[in-house]
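Everything on this sheet refers to the single structure shown next.
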Amino acid sequence: MKIVGIGSAMPSLVVTNDMLSEFLDTSDEWIVTRTGIKTRRIISTENLVMLATDAANKALEKAGLSPLDIDYIICSNTANNYVTPSLSSIIQGEIKAQAPCIDINGACTGFINGLAIANAFIAAGQYKNILIVAAEEPTRFCNWQERDTCVLFGDGAAAAVVTVGNALKTIHLNTSSYTDVLYYRRKLEPTPFLNNNEQGAPLVMNGRELFKIAVSASIEDVKFVLKEAGLTPDDIDHYLIHQSNKRMVESIRQFLNQPEEKFPMNIDTCGNTASASIPILMDELCRKKVLKKGDTLLLSSFGGGFTSAAAILTWEMED
């Protein structure tokens, strides 16, 4: 497969660290030092469906395709207001496509999981043009009186159109059973046969342990896909790492002994947008003409589950 269209959409509200310090015991210096985040976009007047639809339409326009050209839609999403219909089904209706849909929850690795699923369908000859949407609002998971988690996240959506091609060199998915990221949603509806007092709870993160697990998992995934593709770290033009924490990305870069310019970041303005992180960054680099046709990209992501994933692909879109 190859990527032929990319697009993203961000909320209009920009929330600075100084704005957070008005109701949290924190400061711009405290947040920037620990995370690299200066501002983030948070949903206020929009909703997630609007962002996802906008991103999907932009990706379709970039690909030069209409919604009716799409054979399948994959939506990566951790949580939204709808259990049914699926978010992918809602997006399908909004863009007026006529394709089957599926939602996946791979946490922050969802976009790479979506690439893997799309590649399998294309390789099997079942579908030709597939739309992958990553739409996330992790700011809805947080306790906004708890500075250790709420300062990390931002909302956003991004989409990619993939089709038949030979751009994907290798892809690797991994899952381990850890609960260092835990979000327990509100209780389900009761039944006459179940007697408990289920209560929802905001996101809980074991930050120190998660840092070590995530960096280690990413490094192992990167080593795996490089070996499988027969490449060295020097052969990669751009490393698109999940934008969770600047210090995490820097740790991975230093291990690989690669220059800073190979590790583009936008966490300073976007925060952690979960599975939308990598495609938002990819779209930004595309619009800025940083990505050139023929460039080799390595994607690496990690998140709750614990899940991690990596892929190597060639950028086939024109400047």
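Couple of notes before you dig in:
- Note on Ile102 and Glu220: their simple-model spin labels are 2.6 nm apart, each label 7 Å out from Cα toward Cβ.
- Take every pair of alpha-carbon atoms less than 8 Å apart whose residues are at least six positions apart; their mean separation over the length of the chain yields a relative contact order of 26 percent.
- Within the shell of other residues whose beta carbon sits under 14 angstrom from the beta carbon of Thr16, the net charge comes to -2, with Lys and Arg scored +1 and Asp and Glu -1.
- Charge tally around Glu46: other residues with Cβ under 12 Å, Lys/Arg +1 each, Asp/Glu -1 each, net -2.
- Proximal aspartates and glutamates relative to Lys288, as straight alpha-carbon distance under 15 Å, when same-chain residues fewer than 8 apart are discounted: Glu261, Glu318, Asp319
- Calculated log₁₀ intensity ratio I(q)/I(0) where the Debye formula runs over C-alpha points of region 88-129, q = 0.15, 0.28, 0.30, 0.32 Å⁻¹: -0.43, -1.03, -1.04, -1.04
- Kyte-Doolittle mean at least 1.0 and Cα axial length at least 18 Å: DSSP H helices in the chain: 110-123
- Charge tally in the Cβ shell below 15 Å around Ile37, where Lys, Arg are +1 and Asp, Glu are -1, Ile37 excluded: 0
- Length gained on full extension, Met50 to Asp268: 76.1 nm, using 0.36 nm per residue less the C-alpha separation.
- Legend note: in the chain, cysteines whose Cβ sits 4.7 Å or more from every other cysteine Cβ are Cys75, Cys101, Cys108, Cys270, Cys286.
- Going by neighbour counts of Cβ atoms within 10 Å, the residues Ile252, Ile112 line up, fewest first, as Ile252, Ile112.
- The eigenvalues of the Cα gyration tensor, multiplied by 5 and square-rooted, give the chain an equivalent ellipsoid with semi-axes of 28, 25, 19 Å from largest to smallest.
- The Rg/Rh ratio for region 84-158, using Cα coordinates for both the radius of gyration and the Kirkwood hydrodynamic radius, is 1.07.
- When the helices of the chain are scored as -39500 (n - 2.57) per DSSP H run of n ≥ 4 and the total is divided over every residue, the value at 222 nm lands at -9500 deg cm²/dmol.
- Base-10 log of normalised Debye intensity for region 2-166 (one unit scatterer per alpha-carbon) at q = 0.17 Å⁻¹: -0.94
- Evaluated over region 1-155, the count of Lys pairs having alpha-carbon atoms less than 21 Å apart is 8 (only pairs 8 or more residues apart or interchain).
Where a number appears in this text, it was derived from the coordinates with a stated rule and is not lab data. Since the structure is predicted, the reported quantities are computational estimates derived from the model, not experimental observations. All Cβ positions, glycine included, derive from the backbone under ideal geometry; neighbour counts span all protein chains shown.
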